[in-house]
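The values are calculated or read from the model by the stated rules, or taken from the named source; none is laboratory data. These numbers come from a predicted model, not from an experiment. Backbone-built Cβ (ideal geometry, glycine too); neighbour counts: all protein chains shown.
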Amino acid sequence: MSGACIDPTFRPPRRSRRVGRVRGPRRFRTLQRSRVRARSGPLTVTWSPRSIGPDDADVCVAYAIPTSVGNAVQRNTVRRRLRDAFAAQAALLPAGDVLVRVTASAESCTWAEISSSVAELTARLGRQSMAKGDA
């Protein structure tokens with residue numbers, strides 16, 4: 001893993017929306033059937049609308065990071081970067097569930113590259129969900 005571009009002083013922006021976790025097999029099946037998808041760099045995102053209760057998080061995110069990305073330490077580093085990047089973009093995501101699939105090339109990406117991919121995906125998901133009338 002290349003750590004040359006890691007900025008130890010980086011702090012992600014404050015979160016304005018709650019980002020939760022996707023839980024339960026029914027929600028994962030719904031995500032698998034969803035046709036609202038976007039791809040940018042090493043990331044593929046699938047979005048599915050759902051009704052939000054008063055105690056629920058607005059956006060729930062699940063991460064699919066295969067072992068081809070690297071060992072557990074490398075996969076967890078990618079997951080932490082993704083979590084921070086999605087938390088920074090949470091206000092722009094349409095309410096619902098999001099599944100993030102990662103390719104092996106994500107391990108070599110810097111935080112800035114992952115963050116720009118997430119920003120691009122967030123914009124695409126927003127447009128697609130509005131076009132379908134789901135948001």
VAL59 passes all but one of the listed conditions (1) β-branched (Val, Ile, Thr); (2) at pLDDT below 90; (3) out of contact with any Leu (no Cβ under 6 Å at 6 or more places or on another chain); the exception is number (3)
Hits in region 21-52 (condition: touching a residue at least 60 places away in the same chain (Cβ under 8 Å) and touching a Lys or Arg at 6+ places or on another chain (Cβ under 8 Å))
ARG27, THR30, VAL36, ALA38, SER40, LEU43, VAL45, TRP47
Output yes when any residue across region 23-31 is in contact with a strand residue (DSSP E or B) (Cβ under 7 Å, 6 or more places away or on another chain), of a type outside the set (A, V, I, L, M, F, W, C) and surrounded by fewer than 21 Cβ atoms within 10 Å (Cβ to Cβ), and no when none is.
yes
Just name the residue that is surrounded by the most Cβ atoms within 10 Å (Cβ to Cβ) out of those in region 78-135 that are under 16 Å from PRO42 (Cα atoms), charged (D, E, K, R) and at pLDDT 85 or above.
ARG81
When region 65-101 is checked residue by residue, the ones that are touching a helix residue (DSSP H, G or I) at 6+ places or on another chain (Cβ under 9 Å), polar (S, T, N, Q) and outside any helix (DSSP H, G or I) are GLN89
Among the residues of region 1-56, which ones are of a type in the set (A, V, I, L, M) and either more than 14 Å from the chain's Cα centre (by Cα) or at pLDDT 80 or above (or both)?
MET1, ALA4, ILE6, VAL22, LEU31, VAL36, ALA38, LEU43, VAL45, ILE52
